[in-house]
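First the structure, in the form of structure tokens, and then the observations on it.
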Amino acid sequence: MTIAMTRTQAPVTVDEDKCIAHKGCTVCVDVCPLDVLAIDLLKGKAYMKFDECWYCMPCEKDCPTGAVHVSIPYLIK
Ligand code: SF4
Ligand code: SF4
């Protein structure tokens, strides 16, 4: 039997070089049904505020710059 692995990183990561939240984009925050994403106002970048995710994907699909990456656990791929 396989032992469950400890999660070592947030399921959703944002490439800060690509994120244009500092220009007013809030698309990923707006589309997330769980409201787990937020904009870091100091950095002007989106980030995962709460470690909870349905892997429903609109944040990754709708991001205009491709900055969002959702890591889907292999068990539900
Ligand atoms: S949708 Fe993309 S560019 Fe817009 S705030 Fe989210 S990560 Fe940044
Ligand atoms: S995959 Fe769905 S639940 Fe997870 S952060 Fe993106 S929009 Fe939110």
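For the range 63-77, which positions are of a type in the set (A, V, I, L, M, F, W, C) and more than 12 Å from ligand 1 (Cβ to nearest atom)? Answer for the range 63-77, where residues must be of a type in the set (A, V, I, L, M, F, W, C) and more than 12 Å from ligand 1 (Cβ to nearest atom): Ile72, Leu75, Ile76. Evaluating Leu75 against the criteria (1) at positive phi; (2) modelled with pLDDT under 95 leaves one unmet condition, (1).
Residues of the range 13-49 that are surrounded by 13 or more Cβ atoms within 10 Å (Cβ to Cβ), closer than 16 Å to Asp62 by Cα and over 12 Å from the mean Cα position of the chain (by Cα): Lys18, Ile20, Ala21, Cys25.
For the range 50-62, what are the residues that are within 10 Å of the chain's Cα centre (by Cα) and either within 10 Å of ligand 1 (Cβ to nearest atom) or surrounded by 15 or more Cβ atoms within 10 Å (Cβ to Cβ) (or both)? Correct list: Cys53, Pro58, Cys59, Glu60.
The values are calculated or read from the model by the stated rules, or taken from the named source; none is laboratory data. Not measured: the values here are computed from a predicted model. FYI the Cβ positions are ideal-geometry reconstructions off the backbone, even for glycines, and counts take in every protein chain you see.
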